[in-house]
Amino acid sequence: MRTKSALVPKGGTALSNKVTVLVAGSWGTALASVLAANHPEVYLWTRNPEQAAEINESHTNQQYLPGIALPANIIATTDMGAAVEGSKAVIIVAPSSGMRQVAQSLKSYWKEDMLCVHATKGFETESMKRMSTVISEELSVPESKIVVLSGPSHAEEVIRRCPTTVVVASPDDQAAAAAQELFINNDFRVYTNRDLIGVELAGALKNIIALGAGLSDGLGFGDNAKAALLTRGLAEISRVGVEMGANPLTFAGLAGIGDLVVTATSQHSRNWRAGSMLGQGKPLQEVLDSMGMVVEGIRTTQAAYAISAQMNVQMPITDQIYHVLFQGRSPRTAVEALMGRDRKTEMEAISQETWEQWHS
């Protein structure tokens with residue numbers, strides 16, 4: 001195991017060895033396990049007293065990661081103050097629907113010398129805001145000081161210490177480097193990136209394409225259709241991403257194509273599984289009831305559909321998935337609509353700005 005030094009803020013005083021993760025879902029628990037390999041004290045906050053007792057007494061989280069033994073130095077608590085006090089870093093892994101509430105609760109305990117990292121892939125549906133914007137508003141810290149962690153990383157594999165590579169992004173190089181140092185070890189490789197917007201958008205929008213890939217598989221359309229969907233989906237993500245201020249090259253990296261491939265092709269993926277069930281004809285509510293966990297792609301489709309209309313950016317795959325989810329369109333009709341679109345050259349589907357940046 002690689003030895004970790006204490007993070008040092010701008011004031012020059014070394015912080016404690018304590019790290020905090022907020023929300024003990026599958027991804028939060030998996031990241032707590034990564035951190036527990038590097039740091040002696042990892043606090044994991046949950047609202048559920050029974051879950052906290054299970055983690056502390058049995059060192060398991062059976063609801064989200066069944067059959068996995070958790071490191072003994074993960075300490076669960078329902079007291080956010082106790083979880084956060086004295087921590088050098090707080091990692092927020094709340095569902096997008098609960099991010100604002102969790103950030104509001106954190107504000108009372110937040111200290112300026114703490115590192116803030118979030119690992120949530122989604123939008124706030126009502127406002128269409130990215131997660132770093134929501135956190136910035138609630139904690140009254142500059143968005144540029146927040147770090148996002150993203151990339152191809154199933155919790156079920158991370159918790160088993162399968163080799164995994166992710167990216168941490170922030171315009172603040174010091175913050176990104178601190179997050180890299182916080183997480184990196186022999187099983188969990190971490191790259192830095194300055195494109196916070198691009199990494200956040202890639203992580204959120206790929207869930208829509210993963211739903212589409214599941215729909216395609218549920219309909220039995222095979223590998224040709226799925227490969228086309230992923231390729232055109234990446235172009236769609238890049239197109240809206242550039243309009244929102246992202247670097248197009250980000251979508252060719254871990255947070256972009258890397259996360260898209262893993263989410264759209266694996267049965268570990270909740271979004272792929274939900275799409276597959278929809279493709280087999282199951283109603284949306286039945287699909288959601290059977291999942292037992294948040295399917296971020298559902299909410300993200302709502303937000304992205306509104307964003308595309310607001311920004312006048314074409315997102316044909318998102319448009320069709322929105323109509324399947326919320327307007328009662330059949331998956332087969334949606335595919336027919338995509339296949340019947342007007343003829344184009346391939347490069348017409350890439351914005352001129354994106355094309356110029358790729359080839360500059």
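The values are calculated or read from the model by the stated rules, or taken from the named source; none is laboratory data. As the structure is a prediction and not an experimental result, all values here were calculated from the model. Note that each Cβ is placed from the backbone with ideal geometry, even for glycine, and that neighbours are counted across all protein chains shown. Quick note on the areas: whole protein, heavy atoms, side chains included, nothing else; ligands and nucleic acids left out. Shrake-Rupley method; radii C 1.70, N 1.55, O 1.52, S 1.80 Å.
Laid out as a table, the results:
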read-out	value
All positions within the stretch 216-254 that are acidic (Asp, Glu), open to solvent by less than 50 Å² (accessible area, probe 1.4 Å) and over 15 Å from Trp272 (Cβ atoms)	Glu236
Count - residues of the stretch 95-151 that are assigned to a loop (DSSP other than H, G, I, E, B) and of a type outside the set (Gly, Ala, Ser)	14
Residue within the stretch 266-283 that is farther than 20 Å from Ser153 by Cβ, among the polar types (S, T, N, Q), open to solvent by 60 Å² or more (accessible area, probe 1.4 Å) and without any contact (Cβ under 8 Å) to a residue 60 or more places away in the chain present	no
Residues within the stretch 82-100 that are open to solvent by 10 Å² or more (accessible area, probe 1.4 Å) and either out of contact with any helix residue (DSSP H, G or I) (no Cβ under 9 Å at 6 or more places or on another chain) or of a type in the set (Lys, Arg) (or both), tallied	5
Of the criteria (1) polar (S, T, N, Q); (2) open to solvent by 10 Å² or more (accessible area, probe 1.4 Å); (3) under 25 Å from Gln310 (Cβ atoms); (4) at pLDDT 95 or above, which one Ser132 fails	(2)
Matching residues, the stretch 246-262, being within 18 Å of Thr300 (Cβ to Cβ) and either of a type in the set (A, V, I, L, M) or modelled with pLDDT under 95 (or both)	Ala246, Ala255, Ile257, Leu260, Val261, Val262
Qualifying residue in the stretch 59-74 (condition: assigned to a helix (DSSP H, G or I) and either of a type outside the set (A, V, I, L, M) or at pLDDT 95 or above (or both))	no
Residue count for the stretch 122-160, restricted to those that are closer than 20 Å to Ala177 by Cα, hydrophobic (A, V, I, L, M, F, W, C) and more than 17 Å from the chain's Cα centre (by Cα)	1
Test: Gly203 is closer than 30 Å to Asp172 by Cα, crowded, with 24+ Cβ neighbours inside 10 Å, free of Cβ contacts under 8 Å to residues at least 60 places away in the same chain and not charged (D, E, K, R)	no
Residues of the stretch 15-58 satisfying the condition of being part of a helix (DSSP H, G or I) and under 17 Å from Leu106 (Cβ atoms)	Gly28, Leu31, Ala32
Positions within the stretch 338-352 being modelled with pLDDT of 80 or more and either surrounded by 10 or more Cβ atoms within 10 Å (Cβ to Cβ) or β-branched (Val, Ile, Thr) (or both), in sequence order	Leu338
Answer from Val324, Val335 - the residue that is assigned to a helix (DSSP H, G or I), among the hydrophobic types (A, V, I, L, M, F, W, C), over 17 Å from Lys206 (Cβ atoms) and modelled with pLDDT under 95	Val335
Members of the stretch 284-321 that are open to solvent by 60 Å² or more (accessible area, probe 1.4 Å), among the polar types (S, T, N, Q) and either outside any loop (DSSP other than H, G, I, E, B) or within 18 Å of Leu260 (Cβ to Cβ) (or both)	Gln285, Ser290, Gln302, Gln310
Filtered residue count, the stretch 20-69, keeping only those that are closer than 17 Å to Thr164 by Cβ, of a type in the set (A, V, I, L, M) and surrounded by 20 or more Cβ atoms within 10 Å (Cβ to Cβ)	8
The stretch 128-145 residues that are closer than 20 Å to Gly241 by Cα, paired with ones that are open to solvent by 10 Å² or more (accessible area, probe 1.4 Å) and assigned to a loop (DSSP other than H, G, I, E, B) (beta carbon under 6 Å, 6 or more apart)	Met131/Thr120; Ser144/Pro171; Ser144/Asp172
Contacts under 8 angstrom Cβ, first residue in the stretch 290-319 being under 22 Å from Lys226 (Cα atoms), partner among the acidic types (Asp, Glu) and open to solvent by 20 Å² or more (accessible area, probe 1.4 Å), 6 or more apart	Tyr305/Asp319
